[in-house]
Amino acid sequence: MSPRAIGWAAGAAAAALVAAGAVTYAVADSGSGDGKAAPSTPSADSADAGFARDMAVHHQQAVEMSYIVRDRTKNEDVRRLAYDIAQTQANQRGMLLGWLDLWELPKVSADPPMTWMGMGGMVTAKDGSLMPGMATDTQMRKLGTLNGKQAEVFYLQLMTNHHKGGIHMAEGCVAKCTVGVEKRLAQGMVDAQQSELQVMAGMLRERGAGPLS
């Protein structure tokens with residue numbers, strides 16, 4: 001994958017953050033964007049709070065995964081992509097947790113993950129994989145044992161699944177969240193991660209590999 005393509009994906013990710021504006025300070029903009037009034041402070045069981053909690057957990061694993069591979073390969077394209085994903089998702093995670101603080105809502109819930117999407121009874125945690133797309137503890141340990149091309153391929157495969165799960169969740173927020181700035185951030189996540197999926201597909205092809213079955 002060319003540096004230009006990597007840069008394009010990184011630019012899309014950065015644009016998602018810029019487009020959100022001063023997100024933490026714009027929480028007062030609680031309109032849904034469709035002209036309908038929304039509560040100024042979401043409730044603990046709202047889609048807004050549920051998305052913030054669940055995506056913060058989802059993002060944290062992506063950050064961890066990206067820093068693992070960055071230290072296990074010398075390939076500049078993969079290292080750059082991993083660094084961009086780690087920085088973008090760490091920043092977004094901070095925004096999500098910051099909103100929960102501003103709303104004075106807990107960062108954890110007794111409800112199963114993705115309950116706010118109506119999927120609480122359908123998502124079964126398996127070996128540390130709490131939500132769709134998340135890697136298992138076994139897969140994370142395996143990534144930490146690989147080097148070079150093997151680490152690159154496995155990271156790209158895991159992150160492909162991770163992004164697909166994240167996009168599904170972000171689309172849920174776009175549809176269900178009521179805080180306008182949070183909906184816009186979620187749409188930015190969808191746009192940026194879809195572009196990164198294209199980049200990662202090309203990088204896998206270059207390495208003679210494809211997505212995990």
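For this structure, a couple of remarks:
- Any chance ARG93 is loosely packed, with under 14 Cβ neighbours inside 10 Å and of a type in the set (D, E, K, R): no
- Taken over segment 52-90, residues that are buried (at least 17 other Cβ atoms within 10 Å of the Cβ) and hydroxyl-bearing (Ser, Thr, Tyr) amount to 3.
- When GLN139, GLN89 are checked against the criterion of being closer than 27 Å to LYS74 by Cα and under 17 Å from the mean Cα position of the chain (by Cα), GLN89 stands alone in meeting it.
- Of the residues in segment 10-29, not one is open to solvent by less than 20 Å² (accessible area, probe 1.4 Å), over 30 Å from TYR155 (Cα atoms) and either at pLDDT 95 or above or part of a helix (DSSP H, G or I) (or both).
- ALA56 modelled with pLDDT of 95 or more and under 18 Å from the mean Cα position of the chain (by Cα): yes
The values are calculated or read from the model by the stated rules, or taken from the named source; none is laboratory data. Keep in mind that what you see is a predicted model, and the values were worked out from it rather than measured. Neighbour counts run over all protein chains shown; Cβ positions are idealised from the backbone, glycine included. We work out accessible area using only protein heavy atoms, side chains counted, and drop any ligands, DNA or RNA first. Shrake-Rupley method; radii C 1.70, N 1.55, O 1.52, S 1.80 Å.
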